[in-house]
Amino acid sequence: MKARKIKDRIYWMGSVDWDRRLFDALVPLPDGTSYNAYLIEGSEKTVLIDTVDLPMADELMAQLEGVSRIDYVISQHAEQDHSGTIPQVLEQFPDAKLISTPKAKGLLIDLLQIPEDVFITVKDGETLSLGDKTLKFIYAPWVHWPETMVTYLEEDKILFSCDFFGSHIATTDLYVTDEGRVYEAAKRYYAEIMMPFRSIIKKNLEKLAPYDVEMIAPSHGQLYPRPSFIIDAYRDWITGSLRNTVVLPYISMHESTKKMVDYLVSALVERGVRVEQFNLGVTDIGKLAMALVDAATIVIGTPTILAGPHPYAASGAFLANALRPKTKFLSIIGSYGWGGKTVETLAGMIPNLKVEVIDPVLCKGVPSEDVFKALDDLAATIAEKHKEHNFT
């Protein structure tokens, strides 16, 4: 794809990756992704903001063939999907300097072996004049690495936000045209990547609030001509109310745990509680992560294997602990054969979750009427706690 004009002397460059289906060897990409770079031509200086993932380097380099000079390359974030082509850009434009935060400088040297003498490091709030255009660098740590910054183009009121506000979508649309589709993709992106740092991201949102932003240009996904759409979504995901929802990730070996799951789901629905159910043997972990963003309760369903939880259930607990959702309550259900320490093991895997643990329901073998009664009691307890907190 050729470079695309955003405003006078401001261009989108980069690549749309239609075929990529996995990120970081972990995160599913059902809709592909994009790697966005931006060229800004001032009256005196020209800059390139970020680059692309190395496998897509040829496309960016072809877009730059008609560019006579680049004075600065700005690396907002050292991760290779944005920095991977910096060495090729510097080779093509040998007089260019590389601008980054001090922390990013060290990472870029480690990851890409960029010579130290090409760097210019900038302070938080520092500005760079391109002649008739002015860039302001704003530190945004832990969005989602410690060295991250964003860049504000003062005259055009564009925020180049790198991973902040991003979404994984491959599309020919330069701007957001379907907010419903982008909302889901951006929520998935937030859940998988940003949610563990939500308290720091809240501070970064507050830091950006004084700026008059008319457009947000992220490094993944489409540009936001209506910035309030994504900013308000982030505020809700970070500090908004929890939902009257139970997220129930489970795995079953011989259907006993599955019977307990089915019964509990029905009992919760009867009591007005919404349920998001995930079979860990086949689920898209991105969908699970999205459900965790605003669910009030997590219930893990697992059989006991080798005296502990099934490995898939353990991975589900590990994921929830790593993502640190706002969840308030947690319980465990499942079946065992002769004994074990399933509850103790899972409880020890979630130290990051500030939750109240509701008494688990475990049964030996196939669930009996007493077990179903205990599941009814668990559903009633969850429903009552949701009502007490006015979760809707």
Inset, instruction - Just order 339-346, 163-170 by mean Cβ neighbour count inside 10 Å, highest at the front, would you? - result: 163-170, 339-346
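Just to confirm, what accessible area per residue do you get for segment 1-155 at 1.4 Å probe, in whole Å²? Walk me through the intermediate numbers first.
Working: 6620 Å² over 155 residues.
For segment 1-155, the per-residue accessible area is 43 Å².
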Inset, instruction - Find how many whole Å separate the alpha carbon centroid of segment 65-85 from the alpha carbon centroid of segment 230-264. - result: 40 Å
Inset, instruction - May I ask you to derive the FRET efficiency for residue 232 and residue 390 from their Cβ-Cβ distance with R0 = 30 Å, giving the value to the nearest 0.05? - result: 0.90
Inset, instruction - Please give, to one decimal in nm, the separation of the simple spin-label points placed at residue 121 and residue 369, each 7 Å out from Cα toward the Cβ. - result: 7.2 nm
Inset, instruction - Provide the gained length on full extension for the span residue 315 to residue 132, in nm with one decimal, where the gain is 0.36 nm per separating residue minus the Cα-Cα distance. - result: 60.6 nm
Legend entry - Bins of 20 Å, starting at 0 and running to the largest distance - Cα pair percent for the chain: 27, 46, 23, 4
Legend entry - Protection proxy ranking, peptides 268-278, 181-191, average beta carbon neighbours within 10 Å, highest first: 181-191, 268-278
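Using the structure shown, list the pairs from 287/354; 45/187; 203/326; 45/105; 203/354 with a Cα-Cα distance above 27 Å, or answer none. Could you put the intermediate results ahead of the total?
Details: 287/354 22 Å; 45/187 37 Å; 203/326 17 Å; 45/105 22 Å; 203/354 20 Å.
Too far apart for the 27 Å limit: 45/187.
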Inset, instruction - Figure the gain on full extension for residue 352 and residue 274 (residue separation times 0.36 nm, minus the Cα-Cα span) and round it to one decimal in nm. - result: 25.6 nm
Inset, instruction - Using a 1.4 angstrom probe on heavy atoms only, work out the carbon and sulfur share of the accessible area of the chain in %. - result: 51 percent
Inset, instruction - Between residue 155 and residue 109, with labels modelled 7 Å along Cα→Cβ, what's the label distance in nm to one decimal, could you check? - result: 3.5 nm
Legend entry - Reachable aspartates and glutamates, given that their alpha-carbon falls under 14 Å from the alpha-carbon of residue 5 and they are not under 8 places away in the same chain: 41, 156, 173
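May I ask you to order 37-48, 369-380 by the average number of other C-beta atoms within 10 Å around their residues, highest value first? List each step's numbers first, then the result.
Numbers: 37-48: 19.9, 369-380: 16.7.
By packing density, highest mean first, the sequence is 37-48, 369-380.
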Inset, instruction - Calculate the spin-label point distance for residue 381 paired with residue 212, positioning each point 7 Å from the Cα along the beta-carbon direction, and give it in nanometres. - result: 5.6 nm
Inset, instruction - Round to a whole angstrom and tell me the spacing of the C-alpha centers of segment 11-51 and segment 287-349. - result: 36 Å
Legend entry - Chain lengthening between residue 266 and residue 253 when straightened (0.36 nm per residue, less Cα-Cα): 2.6 nm
Legend entry - Angle between the chain longest axis and helix 369-388 axis [Cα atoms, degrees, rounded to 10]: 50 degrees
Inset, instruction - With everything on Cα atoms, drop me the angle between helix 102-112 and the longest principal axis of the chain, reported from 0 to 90° to the nearest 10. - result: 90 degrees
Legend entry - Using alpha-carbon coordinates, inclination of helix 179-189 to the longest axis of the chain, degrees: 80 degrees
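Can you give the accessible area per residue of segment 188-342, in Å², using a 1.4 Å probe?
Values: 5950 Å² over 155 residues.
That works out to 38 Å² per residue.
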Legend entry - Per-residue ³J(HN,Hα) for segment 67-72, Karplus 6.51 cos²θ - 1.76 cosθ + 1.60, θ = phi - 60°, Hz, x for Gly and Pro: 8, 6, 7, 10, 8, 9
Legend entry - Normalised contact order of segment 106-201, rounded percent, pairs of Cα under 8 Å and 6 or more residues apart: 18 percent
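The values are calculated or read from the model by the stated rules, or taken from the named source; none is laboratory data. Values in this document were obtained by computation on a predicted structure and should not be read as measured data. A quick note on method: Cβ atoms are made from the backbone with ideal geometry, for glycine too, and the neighbour counts reach across all protein chains shown. Just so you know, the surface numbers come from the protein's heavy atoms only, side chains and all, with ligands and any DNA or RNA stripped out. Shrake-Rupley method; radii C 1.70, N 1.55, O 1.52, S 1.80 Å.
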